[in-house]
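Step one of this worksheet: look at the structure below.
Throughout, read-outs are computed from the coordinates displayed, never taken from laboratory work. Given the structure is predicted, the values throughout are model-derived calculations rather than measurements. When we count neighbours, we look across all protein chains shown, and the Cβ atoms used for this are built from the backbone with ideal geometry, even at glycine.
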Amino acid sequence: MNVLVIGANGQIGRQVVGLLKESKNHTPRAMVRSEEQAGRFERDGVETIVADLEGSVEQLTRAMVGIDAVVFAAGSGGHTGPDKTLLIDLDGAVKSMEAAEKGGIGRFILISALQANHRENWNETIRPYYVAKHYADRALTESSLDYTIIRPGGLMNTPGTGRVTAAENLEGGSISREDVARTIVAALDEDKTIRRAFDLVAGDTSIAEALEKI
Ligand SMILES: NC(=O)c1ccc[n+]([C@@H]2O[C@H](COP(=O)([O-])OP(=O)(O)OC[C@H]3O[C@@H](n4cnc5c(N)ncnc54)[C@H](OP(=O)(O)O)[C@@H]3O)[C@@H](O)[C@H]2O)c1
């Protein structure tokens, strides 16, 4: 599949692009915010498109021409305020879904966050973040897209183990960004993840087996 990675310059996004580039079945297109970022990917032989999630749905639709699947791994990050959380994690995600629908792209993988589906467990200090994740997830489940929503626990930069726990309702936990990236790419090849949402933390099961059982 030709896969558009939104948030390609991010910590998970970069790893997803690398894995897609190495894979036999997929080819990445990295969506980034600046020409400078694009140059870095292009020097590695990765196709790029410069676009901003604060732009229009039409711009995002153009970024998706020739694409079979979208991976949304963007996020406003902890250094910005709730305004950017709303604009990127919620509106940026929903505009990407609208663009995918307009472009006739079936497959859409969204990185959400553990507990986004349980309002009663939202951390008070980052409540707007959970609101954004929650309603982006809801918009995707109500779309016509062949979605997969992955809700990882706390993200770490430790090396991946290739072993995870994936289930509908986990209480807590953490996971390496590398294993999240591997899970995203594996989900593209596992049809059982279509129109499914699940939590993801470090565990004992191989990623392929965990997704097969989801
Ligand atoms: N931190 C956690 O413990 C945790 C837990 C669960 C889920 N998550 C979620 O996991 C996802 C990925 O995390 P990460 O650590 O890989 O994030 P990250 O390193 O902060 O990457 C986010 C990417 O989004 C891009 N972005 C921001 N605003 C944009 C815009 N207006 N247009 C286009 N791209 C934009 C950034 O671009 P630039 O590179 O140009 O800045 C960056 O490349 C996020 O959605 C996050 O909320 C995080």
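Each residue of region 113-130 in turn: what ³J(HN,Hα) in whole Hz from Karplus with 6.51, -1.76, 1.60 and θ = phi - 60°, glycine and Pro shown as x?
8, 3, 6, 4, 8, 10, 3, 5, 9, 5, 5, 4, 6, 10, 4, x, 4, 5
Would you mind counting up the charge near G172? Only other residues with Cβ under 13 Å from its Cβ, with Lys and Arg at +1 and Asp and Glu at -1. Intermediate values should be presented prior to the final figure.
Numbers: positive: R151; negative: E171, D199.
Net of charged neighbours comes to -1.
Run through every distinct alpha carbon pair of region 139-214 and return the Kirkwood hydrodynamic radius in angstroms, one decimal place.
Numbers: mean 1/r = 0.0813 Å⁻¹.
This gives a value of 12.3 Å.
Could you compute how fast the chain diffuses translationally, taking Rh as the Kirkwood radius over C-alpha pairs and applying Stokes-Einstein at 37 °C with viscosity 0.692 mPa s? Give it in µm² per second. Intermediate values should be presented prior to the final figure.
Values: Rh = 16.9 Å.
Translational D for this selection: 194 µm²/s.
For region 17-105, rounded, prolate or oblate, judged on the Cα gyration tensor with a ≥ b ≥ c (square roots of eigenvalues), a/c < 1.5 rounded, else prolate if a/b > b/c?
Details: a/c = 1.85, a/b = 1.31, b/c = 1.42.
It comes out oblate by the Cα gyration axes.
Give the distance, in whole Å, between the Cα centre of region 149-197 and the Cα centre of region 67-102.
19 Å
Sum -39500 (n - 2.57) across every DSSP H segment of at least 4 residues in the chain, then divide by the residue count to get the 222 nm mean residue ellipticity, nearest 500. Could the numbers behind the result be given before it?
Details: 7 runs with 71 residues, N = 214.
It lands at -10000 deg cm²/dmol.
Under a cut-off of 21 Å between alpha-carbon atoms, report the lysines in cross-link reach of K84, not counting same-chain residues fewer than 8 places apart.
Reachable lysines: K95, K133.
Please list, in order along region 157-170, the HN-Hα scalar couplings obtained from phi with the Karplus expression 6.51 cos²θ - 1.76 cosθ + 1.60 (θ = phi - 60°), rounded to whole Hz, x for Gly and Pro.
Calculated HN-Hα couplings, in order: 9, 6, x, x, 10, x, 10, 9, 10, 10, 7, 5, 9, 9 Hz.
Work out which trypsin sites (Lys or Arg not before Pro) in the chain are exposed loop sites (DSSP not H, G, I, E or B, at most 14 other Cβ within 10 Å) and give the longest gap free of them.
Numbers: sites that count: K24, R195, K213.
The segment 25-194 is the longest one with no such site.
Mind checking the dipole of the chain: about its Cα centre, +1 per Lys or Arg Cβ, -1 per Asp or Glu Cβ, Debye to the nearest 20? Walk me through the intermediate numbers first.
Details: 24 positive and 31 negative charges, 28 e Å.
With only Lys, Arg, Asp and Glu charged at Cβ, the dipole is about 140 debye.
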